[in-house]
Amino acid sequence: MNYKIMKYVFPILFVAFVIGCSDLNDDLTDPGHLNIHKDGIASTDSPNFHAAKLAESNWDIESCQQCHASDYSGGTVEVSCNGCHSNPGGPESCNTCHGSFGDVTRIAPPTDLHNNVATTYKGVGAHSSHIYDIDIAAPLSCYQCHPNQTVPGQSYISSHADGLPAEVSIPGYNSAAATCSNTACHGNFTYAKSGSANPWGFTTESIAGNNATPLWTKVDGTQAACGTCHGLPPTGHIAADLNLCVDCHGDVVDESGNIIAPLLHADGNIQLTSENVLSNTACNHCHSNATTQPFEALGGVTDRNSSRVGLHNEHLFENSKGSEINCESCHIVPATYKDAGHFDSTYGSEVVFTDQQNISLAASSYETEIYKCNNTYCHGNFEYSKADSQYPWAYSGSTITGNSVDLTWLQAGDEQVACGTCHGLAPIGHIEADITECKDCHDTVVNEIGEIINAEKHINGMINVFGN
Ligand code: HEC
Ligand code: HEC
Ligand code: HEC
Ligand code: HEC
Ligand code: HEC
Ligand code: HEC
Ligand code: HEC
Ligand code: HEC
Ligand code: HEC
Ligand code: HEC
């Protein structure tokens, strides 16, 4: 018999029969319930729960539409799915099979398709860290890692559930190892000096990231830490500490090294900021210039115990013992911030002594690692010779020499500049005299109690005696 006809005829006959019989035989037994599913289809704690059944069929929900209607509202069996699945789209809502069942805005795992929530499962992995709980870059969309076939907001496309594992469209993704490689986001970037408007930012031909290979199932923050995707600073980049990035990338980071504008970070663009060196090239924008007091090192550091500050103030502004010492004595001073040599790949190695008017600093040296200054004229590396002198009688030996003390840049206080440290009282090779007597001959420099009365004449590279 024609099946189509039977399909309609049979229920009509059946209904007529039931009505007929009930009219006549009120005591007939209940015809029973048509059990298509095993018991427990609606009980979450049953092995027959429909979620488990669906997983076995690779989430083929179209098969349910035959009886429960294409919009799942009940259909021929008049059992609606939408009472329980009350989100728009009913069971086709994107958070039904993956994501948070109770939150339509969270459609990516967790939970994954097998209800796992631990990030050590590949299905869960670092989804949240990329999409919902991300604070160092813009949130990613599904299509940035998955083929663009089913997107949030779109109607359900059944073909996207075509069997696990999920397709990942990142070329460097290794599903077996669950690692990602060669992604721009994790540091697969190279910016060439030759193409740059700011070549002064480079110490080599290019600035490059670390090109990290993160593990998708390790979600403990270590792979999103500063310094993993690119160095601090990146390879080939001028020297900078984490707290200094702000000087030039101030739209992206703050002085503590926090990302303040996630949308601008790791977005594929160079961000040299508006409020930075390019709009404010003043020498004291990043550190002190010759007039800012007290000396402020990079990153706003003014603590004298910091090597960055060290004895700057003592030399620049608080020098009561000698002539003021300018930046040029100890550094090569750039004319503009972008001059070659101003920034480079390491900190602290740029102490370069340059002779001043009468003072030769040629023999001086600075040991960066131990912050030690050696052989400076100022600290007693001087030698005057009796043979060349117009006052040979002032000599007890063939030369008058200082003590040439080696100093530490880290030790503040008077100890390194007490009378008698840089040269003896009187100096080696000088006729005997005590401190109250120096003024008898060096009258323009000291007074009768041994105080320096004219710092401009003391430590000036000249012999000052008898009124000159
Ligand atoms: C051949 C018809 C048919 C198909 C196909 C079908 N169902 Fe059903 N379903 C029913 C009938 C009839 C009931 C009423 C209870 C029963 O008979 O088990 C029902 C009841 C249910 C219930 C219980 C509802 C409640 O409120 O207690 C759930 C859950 C359910 N079905 C899920 C599914 C899912 C999921 C699919 C697809 C994988 C599906 N059904 C496919 C006929 C069907
Ligand atoms: C009695 C309430 C109820 C009814 C009726 C119901 N569901 Fe569900 N369904 C649930 C609950 C609860 C879950 C989720 C369990 C979880 O993930 O913790 C679920 C899960 C699912 C899932 C996800 C499976 C997975 O892998 O996580 C699908 C798909 C689904 N239901 C389809 C249907 C369809 C189709 C119907 C109607 C034929 C239906 N459901 C009827 C309660 C119901
Ligand atoms: C009935 C269950 C179900 C529903 C509802 C569902 N998905 Fe999926 N989804 C899957 C399964 C199963 C996979 C696993 C991947 C596969 O099979 O290739 C998947 C994977 C995905 C993926 C990973 C890429 C891929 O295709 O493998 C994306 C993205 C996705 N779903 C988005 C959505 C969006 C958006 C919606 C809502 C419009 C949605 N899904 C609704 C079952 C579902
Ligand atoms: C940063 C890249 C990335 C983004 C963004 C992303 N996914 Fe995934 N997704 C993956 C990876 C990697 C896997 C694991 C693939 C495998 O099994 O090897 C995966 C797996 C899945 C799976 C399969 C889960 C399972 O149980 O195996 C689903 C479903 C899924 N993603 C949905 C989504 C949805 C929906 C979005 C957007 C809301 C999204 N993903 C965004 C990388 C991503
Ligand atoms: C997940 C990888 C990743 C991590 C983790 C990361 N970065 Fe980045 N960062 C990048 C990428 C990629 C760039 C390359 C430029 C771009 O695409 O915007 C970049 C660029 C920068 C820049 C240059 C300005 C810009 O946006 O162009 C600064 C400054 C910076 N990062 C600082 C940080 C700091 C500080 C941290 C730690 C809080 C950090 N980064 C952690 C990937 C990362
Ligand atoms: C003194 C200024 C200055 C400081 C401080 C500085 N940068 Fe840069 N940075 C630059 C310049 C200039 C470029 C090259 C930009 C170009 O090519 O136009 C650059 C480029 C970069 C790039 C590659 C291009 C981009 O914008 O993504 C990264 C990444 C970067 N810097 C990170 C950092 C980090 C991290 C710090 C702190 C540890 C830092 N920078 C501190 C000046 C600076
Ligand atoms: C964008 C921030 C910035 C600006 C603006 C800037 N500097 Fe610097 N300066 C630095 C950094 C960073 C260092 C440390 C460089 C190193 O150790 O490689 C430095 C170091 C120095 C030094 C020590 C010697 C050296 O090269 O390490 C002197 C002197 C100096 N700067 C003078 C100046 C003068 C003069 C100007 C104005 C023409 C200026 N700076 C503008 C950031 C800046
Ligand atoms: C007496 C010698 C001397 C004089 C004068 C001097 N400096 Fe320095 N400067 C140093 C020493 C020593 C260091 C520490 C180098 C190190 O890190 O080991 C230093 C470090 C610096 C640094 C790097 C600090 C940091 O934050 O990392 C800057 C910038 C600097 N000096 C700028 C200047 C400027 C500008 C002047 C003039 C206003 C000046 N210096 C005068 C000796 C001097
Ligand atoms: C930081 C090292 C240093 C200290 C400390 C120092 N001197 Fe000198 N002194 C020198 C140097 C260097 C000369 C060599 C002459 C010159 O360049 O003016 C000198 C020269 C002199 C002269 C010879 C006059 C002259 O300037 O030519 C007298 C007198 C003198 N010092 C007294 C003192 C007295 C008194 C003290 C203690 C208050 C003192 N010095 C502390 C470095 C020092
Ligand atoms: C009686 C006079 C006399 C007294 C007292 C005297 N000096 Fe001198 N001193 C000289 C003369 C003269 C020279 C110059 C030698 C020359 O021109 O070669 C000289 C040279 C020096 C020099 C090396 C050259 C220079 O000027 O830097 C120093 C340092 C110095 N004296 C320190 C002292 C100190 C410190 C005292 C006190 C403890 C002292 N002198 C006491 C006469 C004296």
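Structural remarks
- Test: GLU448 is more than 16 Å from ligand 1 (Cβ to nearest atom), charged (D, E, K, R), touching a Lys or Arg at 6+ places or on another chain (Cβ under 8 Å) and outside any strand (DSSP E or B): yes
- Taking the criterion of being surrounded by fewer than 17 Cβ atoms within 10 Å (Cβ to Cβ) and farther than 20 Å from VAL124 by Cα, the residues of the range 172-187 that qualify are ASN182, ALA184.
- If you go through the range 184-205 and keep only what is within 16 Å of ALA340 (Cα to Cα) and hydroxyl-bearing (Ser, Thr, Tyr), you end up with SER194, SER196, THR203, THR204.
- Of all residues making up the range 430-468, the number that are crowded, with 18+ Cβ neighbours inside 10 Å and within 22 Å of ALA362 (Cβ to Cβ): 3
- Count of the range 196-230 residues which are surrounded by 17 or more Cβ atoms within 10 Å (Cβ to Cβ), of a type in the set (Gly, Ala, Ser) and either touching a Phe, Trp or Tyr at 6+ places or on another chain (Cβ under 9 Å) or part of a loop (DSSP other than H, G, I, E, B) (or both): 5
- In summary, THR401 fulfils each of the numbered conditions (1) closer than 19 Å to ILE325 by Cα; (2) touching a Phe, Trp or Tyr at 6+ places or on another chain (Cβ under 8 Å) with the single exception of condition (1).
Conditions (1) in contact with a helix residue (DSSP H, G or I) (Cβ under 6 Å, 6 or more places away or on another chain); (2) in contact (Cβ under 8 Å) with a residue 12 or more places away in the chain; (3) under 18 Å from ILE36 (Cβ atoms), marked per residue:
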| position | (1), (2), (3) |
| --- | --- |
| ALA55 | no, yes, no |
| TRP59 | no, yes, no |
| ASN87 | no, yes, no |
| SER100 | no, no, no |
| THR111 | no, yes, no |
| VAL124 | no, yes, no |
| SER129 | no, yes, no |
| ASP135 | no, yes, no |
| PRO139 | yes, no, no |
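- Residue match in the range 196-208 (condition: among the β-branched types (Val, Ile, Thr) and without any contact (Cβ under 8 Å) to a residue 40 or more places away in the chain): yes
- Wholly within the range 313-414, strands (runs of 3 or more DSSP E) carrying at least 2 residues that are surrounded by 17 or more Cβ atoms within 10 Å (Cβ to Cβ) and touching a residue at least 40 places away in the same chain (Cβ under 8 Å): none
- Inter-residue pairs, beta-carbon under 8 Å, first closer than 13 Å to LEU113 by Cβ and more than 16 Å from ligand 7 (Cβ to nearest atom) and in the range 151-170, second of a type in the set (Phe, Trp, Tyr) and not in a helix (DSSP H, G or I), 6+ apart: ALA161/TRP59
- Residue match in the range 273-290 (condition: modelled with pLDDT of 85 or more, among the small types (Gly, Ala, Ser) and surrounded by 16 or more Cβ atoms within 10 Å (Cβ to Cβ)): yes
- Some residue of the range 124-139 being of a type in the set (Val, Ile, Thr), at pLDDT 95 or above and touching a Leu at 6+ places or on another chain (Cβ under 7 Å): yes
- Test: residue in the range 207-218 that is at pLDDT below 95 and in contact with a Lys or Arg (Cβ under 8 Å, 6 or more places away or on another chain): no
The values are calculated or read from the model by the stated rules, or taken from the named source; none is laboratory data. Treat the numbers as computed from the prediction; the structure is a model and nothing was measured. Neighbour counts are summed over all protein chains in view; Cβ atoms, including those assigned to glycine, are modelled from backbone coordinates with ideal geometry.
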